[in-house]
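The values are calculated or read from the model by the stated rules, or taken from the named source; none is laboratory data. Quantities reported herein were computed from a predicted structural model and do not represent experimental measurements. Cβ coordinates were reconstructed from backbone atoms using ideal geometry, including for glycine residues, and neighbour counts include every protein chain displayed. The accessibility values were calculated without ligands, DNA or RNA, using every heavy atom of the protein model including side chains. Shrake-Rupley method; radii C 1.70, N 1.55, O 1.52, S 1.80 Å.
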Amino acid sequence: MNRVRQTEGTDRLTLLDLHVQDFEEYLNLQSRTFVQYYRCLPLSLLKKENADEDGNRVIMPLSALDRLERLNAQYPMLFQIKNPSTERVTHCGVSVFSANEGFIHMPSWLMTHLGVVENEIVLVRSTSLPTATFIKLQPHTKDFLNVSYPRELLEYNFRKFPCVTAGETIAVTEGERWYYLDVLEAQPADAVCSLDTDCAVDFAPPLDYVEPPPRVVASQQGGSVDEPARFTGVAARMDGKPVEQPPPTPSPAAAVNAVAPGVPKRKVRFGAPSSAAGSGVSKGKAEGAGGKEQEKRFTGTQYSLNS
């Protein structure tokens, strides 16, 4: 089977390497849910203000909205996107329904994650995802440890992500600085809706973090040995007066790997879609529904930003 006609009235699309079983499932799903093959294009081709390359919202044809309305699709409208040739799957929201028929515009990073290139075919299917309760992230670089307001940074940037899928790498920005975060884990499922929820967020040590080598000190026999612990002796003045001792400073390794049992967690508030994303849809230009204080810096593998 080399050519298959689209059911939405679009031009004929060549579906390479599509198994008969997959196409039969596709036809069976047509009557029950929204499922459609599209050629993918990068959002950058549109050069529109609502074409946000940082998040995971896509732009779909108006015919998709018509079909979703006939199927009484629920909000927020979320979708599963699949690369038919590799079976790789991710999830996204929708920004507007203004793409040319037969095409879907996606952020470039999302295309890279799926392993597809311009004009390659993807399978898009409407889906419902559970609300996120927990996400574990891993920064790519130690620079993220210097962020003064990690909670606010995540709350602001996650407005661009109506859903999150474990295994993805997302980007968050602070001014001109970019931070890349791997999504290591999500609960209660590998793919979750991140709209309007209080979500616990934990961090793993950055990918470029290196455990510092132990300090070497001279032994009484004249050799050198690894220092087993920090100096804990007593300082004294020559005049006999007491010396005030500064509090001990934990090593960088201890700071990254420390765990604070019993400390109440703090939650990140992933809010409703921003005004740019809207709360409903309309034909022609339909938009997808998709007291703060300074929080302490990340100090360990289980530090989280929840309350």
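When V183 is tested against (1) of a type in the set (A, V, I, L, M); (2) more than 19 Å from C92 (Cβ to Cβ); (3) in contact with an Asp or Glu (Cβ under 7 Å, 6 or more places away or on another chain); (4) open to solvent by less than 10 Å² (accessible area, probe 1.4 Å), only condition (2) is not met.
For the structure I just gave you, tell me whether Q6 is at pLDDT below 70 and either surrounded by 14 or more Cβ atoms within 10 Å (Cβ to Cβ) or not hydrophobic (A, V, I, L, M, F, W, C) (or both). Don't jump to the end; show me each part of the working.
Working: at pLDDT below 70: yes; either surrounded by 14 or more Cβ atoms within 10 Å (Cβ to Cβ) or not hydrophobic (A, V, I, L, M, F, W, C) (or both): yes.
Answer is yes for this residue.
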